[in-house]
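Report on one structure; see the data block that follows.
The values are calculated or read from the model by the stated rules, or taken from the named source; none is laboratory data. Here the structure is a predicted model, which is why all the values come from computation and not from measurement. Cβ sites come from the backbone with ideal geometry, for glycine too, and all protein chains shown count toward neighbours.
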Amino acid sequence: MTAAWRARILAVLAGVGAGLAHPPFGLIVGVAAYGLLMWLSETDGPKPLRSAFFRGWLAGVGYFAVGAHWITEPFLVDAANQGWMAPFALIAMSGGLALFWGLAALIYRAAGIKGPWRVLVFAGALALCEWLRGHVLTGFPWDLPGETWRAGSAPSQAASVVGTYGLSWITIALGAAVALLWEAGRTRIVGAVAIVAMLAGLYGFGALRLSDGVAARPDAPLVRIVQGNIDQKEKWRPENLDMVFSTYVRLSTQGSKTRPDIIVWPEGALPAVIDDLLAPGSPYAVRLTDALAPGQTLMMGANRVEPTPSGGVSYFNSLVVLRREAPGLRVTGYYDKHRLVPFGEFLPLGNLAGKLGIRSLVHMPEDFTAGPPPRPIHPYGVPALQPLICYEALFPGFASDAARRGGGRAEWLLNVSNDSWFGATSGPWQHLNIASYRAIEEGLPIARATPTGVSTMIDAYGRPILGARLTLGEEGNIDVRLPSALARTVYSRFGDGGFAIMLLLSASIAVAGRIRRAR
């Protein structure tokens with residue numbers, strides 16, 4: 001085997017190793033794979049810059065093949081019409097996202113920095129490109145390196161200060177420093193000291209933060225999270241509407257003797273448009289009214305319709321808040337999903353994709369329309385909340401930006417998601433971990449409802465409340481008091497300012513190194 005092929009295979013293995021470090025796999029030693037990628041990026045090939053890009057790209061392919069292999073599952077829901085797209089989706093997803101890793105390796109190689117400080121240059125290059133991945137076009141920040149740590153663990157608490165992008169910089173630097181242990185003399189000592197210092201800082205700060213503890217107030221609202229466990233393939237059959245509706249009503253009314261204040265149904269809980277279900281004379285409106293006690297609030301993910309000025313209609317993926325009052329049901333608030341999933345809820349390529357026989361996976365006559373820029377909502381009788389519908393839970397700073405836009409901070413986050421799209425893969429567990437980081441960044445609890453798992457209540461440190469979880473393939477409900485919010489975190493106040501300082505440090509080292517070499 002030639003040296004070039006050895007380097008290519010090692011590059012793929014580096015990406016796979018880094019991907020396996022993420023939950024639910026939890027092979028945390030895989031973080032050291034960033035050190036292998038750094039070494040491969042600086043090892044000479046036939047054409048150094050091109051070789052670095054290609055090796056970075058191969059590592060990215062391995063990383064995203066592990067982290068996003070679930071992408072094939074949504075296409076198999078309607079396998080007869082869309083199954084043919086599944087392998088192409090995985091290839092396109094892994095290969096496309098890997099371009100950012102190729103760019104990072106190219107930037108690092110072009111910097112040409114020597115010595116132990118190059119670890120921070122590599123961390124800056126890859127963390128910057130991961131930030132770009134989360135922002136270019138619509139952005140797709142799935143499994144950022146900083147989310148390697150299990151949410152709620154001590155190392156994950158650093159996200160409350162520097163956010164997940166900043167924690168990505170630290171995580172990459174930690175892994176890259178492992179490569180220094182194979183070098184001689186002072187460099188090896190510097191690498192060992194750096195690894196110990198970063199681990200001590202992550203675990204020490206996290207342990208200190210978690211020692212404060214947080215509990216729900218006795219008068220906090222009692223929240224019932226409902227998980228129907230109805231397969232995606234069955235839910236969208238028109239003849240199953242009554243079965244689906246009955247399941248959610250039954251699970252909403254059975255349970256503990258204490259009546260919940262808030263009931264939560266997941267994203268797209270019912271295979272129908274909410275406007276039709278609540279229309280005057282609808283039997284479902286009557287049954288839903290009878291299922292709720294006066295003063296109770298139901299929050300449900302639902303598809304909503306609005307007429308357009310041209311005489312057509314726009315479809316929205318929404319959270320609808322219903323309150324039972326003496327006369328009947330009243331809509332006390334709603335939120336329309338702002339960040340839509342490309343190809344899942346809308347087609348970025350528009351008419352061109354349609355001509356190729358490609359359409360979005362949404363079970364609607366047309367694509368969804370994006371809602372306005374998010375703000376916290378204030379339904380009557382419910383603490384102010386920031387909804388995060390499915391995909392929106394991937395984006396660091398989403399709730400902070402909404403709070404600044406809306407002129408006030410929410411008291412909790414609500415993530416309704418349709419993770420049944422992922423099937424029985426690692427996807428639901430990864431999504432749970434990612435969403436939990438939003439709680440750490442904001443210092444806010446987050447209630448999470450999905451149709452088939454994982455549904456839970458998460459405290460403001462990103463930890464699931466003990467005994468309050470419905471796992472994959474489980475039908476049921478959980479009743480839990482809404483945990484208390486923490487004081488505003490550093491990250492919620494300053495956003496990615498800390499991450500920007502880290503990137504500035506990396507850039508300064510790169511510039512200083514180039515100047516030194518020029519002299």
Q) Which condition number does HIS135 fail, the rest of (1) touching a residue at least 24 places away in the same chain (Cβ under 8 Å); (2) in a loop (DSSP other than H, G, I, E, B) being met? A) (1)
**Q.** Close pairs from segment 377-405: first within 16 Å of ALA302 (Cα to Cα), partner acidic (Asp, Glu), Cβ under 7 Å, at least 6 apart
**A.** ILE389/GLU267; CYS390/GLU267
(Q) Can you pull out every residue in segment 162-221 that is at pLDDT below 95, among the aliphatic types (A, V, I, L, M) and under 19 Å from TYR461 (Cα atoms)? (A) VAL214, ALA215, ALA216, ALA220
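Counting only residues that are in contact (Cβ under 8 Å) with a residue 12 or more places away in the chain and either charged (D, E, K, R) or over 25 Å from ALA468 (Cα atoms) (or both), how many does segment 247-271 have? Show your work before the answer.
Our first condition is that a residue be in contact (Cβ under 8 Å) with a residue 12 or more places away in the chain; within segment 247-271, this holds for 247-249, 251-256, 258-271.
Among the residues that remain, those that are also either charged (D, E, K, R) or over 25 Å from ALA468 (Cα atoms) (or both) are: 259, 261, 267, 271.
Residues flagged as in contact (Cβ under 8 Å) with a residue 12 or more places away in the chain and either charged (D, E, K, R) or over 25 Å from ALA468 (Cα atoms) (or both) within segment 247-271 amount to 4.
Of the residues that sit in segment 1-48 and are among the small types (Gly, Ala, Ser) and not in a helix (DSSP H, G or I), which one is surrounded by the most Cβ atoms within 10 Å (Cβ to Cβ)? Please lay out each step first, then the result.
Within segment 1-48, the subset among the small types (Gly, Ala, Ser) is 3-4, 7, 11, 14-15, 17-19, 21, 26, 30, 32-33, 35, 41, 45.
When the remaining residues are screened for being not in a helix (DSSP H, G or I), the result is 21, 26, 45.
Numbers: ALA21: 25, GLY26: 13, GLY45: 19.
Top of the filtered list is ALA21.
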Q: Could you check how many residues of segment 430-453 are at pLDDT 95 or above and closer than 18 Å to PRO23 by Cβ?
A: 15
Q: Look through segment 214-234, keep the residues that are touching a helix residue (DSSP H, G or I) at 6+ places or on another chain (Cβ under 6 Å) and in contact (Cβ under 8 Å) with a residue 24 or more places away in the chain, and return whichever of them is surrounded by the fewest Cβ atoms within 10 Å (Cβ to Cβ).
A: LYS233
Q. Where residues in segment 272-291 are touching a residue at least 12 places away in the same chain (Cβ under 8 Å) and not hydrophobic (A, V, I, L, M, F, W, C), which of them is surrounded by the most Cβ atoms within 10 Å (Cβ to Cβ)?
A. TYR284
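Can you name every residue in segment 101-133 that is in contact with a Pro (Cβ under 8 Å, 6 or more places away or on another chain) and more than 13 Å from GLU42 (Cα to Cα)? If you could, list the steps in order and put the result at the bottom.
Step one: filter segment 101-133 for residues in contact with a Pro (Cβ under 8 Å, 6 or more places away or on another chain), giving 109, 126-127, 130, 133.
Residues satisfying the conditions are LEU126, ALA127, GLU130, ARG133.
Looking at ALA207, ALA200, ALA159, ALA176 in this structure, which one is closer than 30 Å to PHE398 by Cα, surrounded by fewer than 19 Cβ atoms within 10 Å (Cβ to Cβ), assigned by TED's automatic domain parsing to the domain that holds ASP143 and touching a residue at least 24 places away in the same chain (Cβ under 8 Å)? Show your work before the answer.
Numbers: ALA200 fails: touching a residue at least 24 places away in the same chain (Cβ under 8 Å); ALA159 fails: surrounded by fewer than 19 Cβ atoms within 10 Å (Cβ to Cβ); ALA176 fails: surrounded by fewer than 19 Cβ atoms within 10 Å (Cβ to Cβ).
Going through ALA207, ALA200, ALA159, ALA176 in turn, just one is closer than 30 Å to PHE398 by Cα, surrounded by fewer than 19 Cβ atoms within 10 Å (Cβ to Cβ), assigned by TED's automatic domain parsing to the domain that holds ASP143 and touching a residue at least 24 places away in the same chain (Cβ under 8 Å): ALA207.
If we keep just the residues of segment 459-477 that are part of a strand (DSSP E or B) and in contact with a Gly (Cβ under 8 Å, 6 or more places away or on another chain), which is farthest from SER160 (Cα to Cα)? It would help to see each step written out before you state the result.
Our first condition is that a residue be part of a strand (DSSP E or B); within segment 459-477, this holds for 464-470, 476-477.
So of that shortlist, the ones also in contact with a Gly (Cβ under 8 Å, 6 or more places away or on another chain) come out as 464, 470, 477.
On the way: PRO464: 17, LEU470: 27, ASN477: 30 Å.
For segment 459-477, the residue satisfying everything is ASN477.
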Q) Does segment 469-481 contain any residue that is touching a Lys or Arg at 6+ places or on another chain (Cβ under 9 Å), assigned by TED's automatic domain parsing to the domain that holds TRP131 and either within 22 Å of TRP117 (Cα to Cα) or surrounded by fewer than 19 Cβ atoms within 10 Å (Cβ to Cβ) (or both)? A) no
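Inspect segment 66-87 for any residue being modelled with pLDDT of 85 or more, of a type outside the set (Val, Ile, Thr), assigned to a loop (DSSP other than H, G, I, E, B) and within 22 Å of the chain's Cα centre (by Cα) and give the result as yes or no.
Of the residues in segment 66-87, the ones modelled with pLDDT of 85 or more are 66-68.
Subset that is of a type outside the set (Val, Ile, Thr): 67-68.
Subset that is assigned to a loop (DSSP other than H, G, I, E, B): 68.
Applying the additional criterion that residues be within 22 Å of the chain's Cα centre (by Cα) yields 68.
Scanning segment 66-87 turns up at least one residue that is modelled with pLDDT of 85 or more, of a type outside the set (Val, Ile, Thr), assigned to a loop (DSSP other than H, G, I, E, B) and within 22 Å of the chain's Cα centre (by Cα).
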Q. Under the condition of being farther than 14 Å from PRO451 by Cα and modelled with pLDDT of 95 or more, which residue from segment 247-260 is surrounded by the fewest Cβ atoms within 10 Å (Cβ to Cβ)?
A. ARG250
(Q) Go through segment 292-318 and report how many residues are under 22 Å from LEU222 (Cα atoms) and surrounded by fewer than 18 Cβ atoms within 10 Å (Cβ to Cβ). (A) 3
Q. Do the conditions hold for ILE189, that is, is it surrounded by 16 or more Cβ atoms within 10 Å (Cβ to Cβ) and either part of a loop (DSSP other than H, G, I, E, B) or of a type outside the set (D, E, K, R) (or both)?
A. no
Q. Given the residues LEU27, LEU20, which is the only one that is more than 24 Å from GLY112 (Cα to Cα), without any contact (Cβ under 8 Å) to a residue 24 or more places away in the chain and not aromatic (Phe, Trp, Tyr)?
A. LEU27
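For every residue, the table says whether it meets (1) assigned by TED's automatic domain parsing to the domain that holds ARG250; (2) out of contact with any helix residue (DSSP H, G or I) (no Cβ under 8 Å at 6 or more places or on another chain); (3) under 24 Å from PHE25 (Cβ atoms).
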{"site": "ALA393", "(1), (2), (3)": "yes, no, yes"}
{"site": "GLU442", "(1), (2), (3)": "yes, no, no"}
{"site": "SER455", "(1), (2), (3)": "yes, yes, yes"}
{"site": "VAL490", "(1), (2), (3)": "no, no, no"}
Q. Just for segment 326-357: of the residues that are outside any loop (DSSP other than H, G, I, E, B) and at pLDDT 90 or above, which one is surrounded by the most Cβ atoms within 10 Å (Cβ to Cβ)?
A. TYR335
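Can you tell me which residue among PRO483, PRO451 is in contact with a Pro (Cβ under 6 Å, 6 or more places away or on another chain), under 24 Å from GLY213 (Cα atoms) and assigned to a loop (DSSP other than H, G, I, E, B)?
Numbers: PRO451 fails: under 24 Å from GLY213 (Cα atoms).
Only one candidate passes the filter, namely PRO483.
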(Q) I'm told ARG438 meets every condition in (1) within 25 Å of THR148 (Cα to Cα); (2) in a strand (DSSP E or B); (3) not acidic (Asp, Glu) except one. Can you identify the failing condition by its number? (A) (2)
